[in-house]
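Colleague: Please read through the structure below; I'll follow up with questions.
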Amino acid sequence: MAEKILIVEDNPQNMRLMEMTLRGENYILLKATNGEEALDTARREQPDLIIMDIQLPGMNGLEVTRKLREVPAFSRTPIIGVTAYAMKGDREKVIEAGCNLYLPKPIDTRKLPEMIAEMLCQRPEIISGLSGDSSGRQESSDN
Ligand code: MN
């Protein structure tokens, strides 16, 4: 079954670029243009990966990411945080909010599909690795 990717982006041109970039891949693309819509769509559709613009009107992408991470169903969903201008400290803020990866714009449209594919295929390993670990290792710093 095709995986679902939720694109959260308020700028129509950037949204279009994302869609064009991912259209050739076998994904179901979901779209949201603000934080509330992103949360509603995520709850309803349970996306497999989320691309999160950080600069959004109203609730910003950092807040949306924090709210998503509070929901158990989204605690492990890969989230890519995207910012319009790389400001000092952006990466730290984006990762601290709960994103797995930080991407400054302009997006490298050749690399994005690879990164997404990689994040989606790593996910089951992470999950099975955690639940099926019978090696007795207890020191994982999973916090
Ligand atoms: Mn924006």
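The values are calculated or read from the model by the stated rules, or taken from the named source; none is laboratory data. These numbers come from a predicted model, not from an experiment. No Cβ is skipped: glycine too gets one built from the backbone with ideal geometry, and neighbour counts run over all protein chains shown.
Colleague: Restricted to region 100-111, and to residues that are more than 12 Å from the chain's Cα centre (by Cα), surrounded by 15 or more Cβ atoms within 10 Å (Cβ to Cβ) and not basic (Lys, Arg), which residue is nearest to Ala2 (Cα to Cα)?
Modeller: Here the residue is Ile107.
Colleague: Something else now. Does region 7-25 hold any residues that are within 15 Å of the ligand (Cβ to nearest atom) and surrounded by 17 or more Cβ atoms within 10 Å (Cβ to Cβ), and which are they?
Modeller: Within region 7-25, Ile7, Val8, Glu9, Asp10, Asn14, Met15, Leu17, Met18 qualify.
Colleague: For Asn60, which of the numbered conditions (1) within 24 Å of Lys111 (Cβ to Cβ); (2) within 13 Å of the ligand (Cβ to nearest atom) fails to hold?
Modeller: Checking Asn60 against (1) within 24 Å of Lys111 (Cβ to Cβ); (2) within 13 Å of the ligand (Cβ to nearest atom), the one that fails is (1).
Colleague: Moving on to the next point. Check whether at least one residue in region 66-89 is of a type in the set (Gly, Ala, Ser), more than 16 Å from the ligand (Cβ to nearest atom) and over 14 Å from the mean Cα position of the chain (by Cα), and report yes or no.
Modeller: Yes, some residue in region 66-89 is of a type in the set (Gly, Ala, Ser), more than 16 Å from the ligand (Cβ to nearest atom) and over 14 Å from the mean Cα position of the chain (by Cα).
Colleague: What are the residues in region 61-91 that are in contact with a strand residue (DSSP E or B) (Cβ under 9 Å, 6 or more places away or on another chain), surrounded by fewer than 17 Cβ atoms within 10 Å (Cβ to Cβ) and modelled with pLDDT of 95 or more, if any?
Modeller: Of everything in region 61-91, just one residue is in contact with a strand residue (DSSP E or B) (Cβ under 9 Å, 6 or more places away or on another chain), surrounded by fewer than 17 Cβ atoms within 10 Å (Cβ to Cβ) and modelled with pLDDT of 95 or more, namely Arg69.
Colleague: Also: Could you figure out which of (1) away from the ligand (no atom under 16 Å from the Cβ); (2) surrounded by 15 or more Cβ atoms within 10 Å (Cβ to Cβ); (3) under 17 Å from Ile116 (Cβ atoms) isn't true of Met1?
Modeller: (2)
Colleague: Also, I was wondering about something else. For Glu45, indicate whether it is within 13 Å of the ligand (Cβ to nearest atom) and touching a residue at least 12 places away in the same chain (Cβ under 8 Å).
Modeller: So Glu45 does not fit the description; no.
Colleague: So Ile28 ticks every box in (1) β-branched (Val, Ile, Thr); (2) buried (at least 16 other Cβ atoms within 10 Å of the Cβ); (3) away from the ligand (no atom under 16 Å from the Cβ) but one. Which box is left unticked?
Modeller: Unmet condition: (2).
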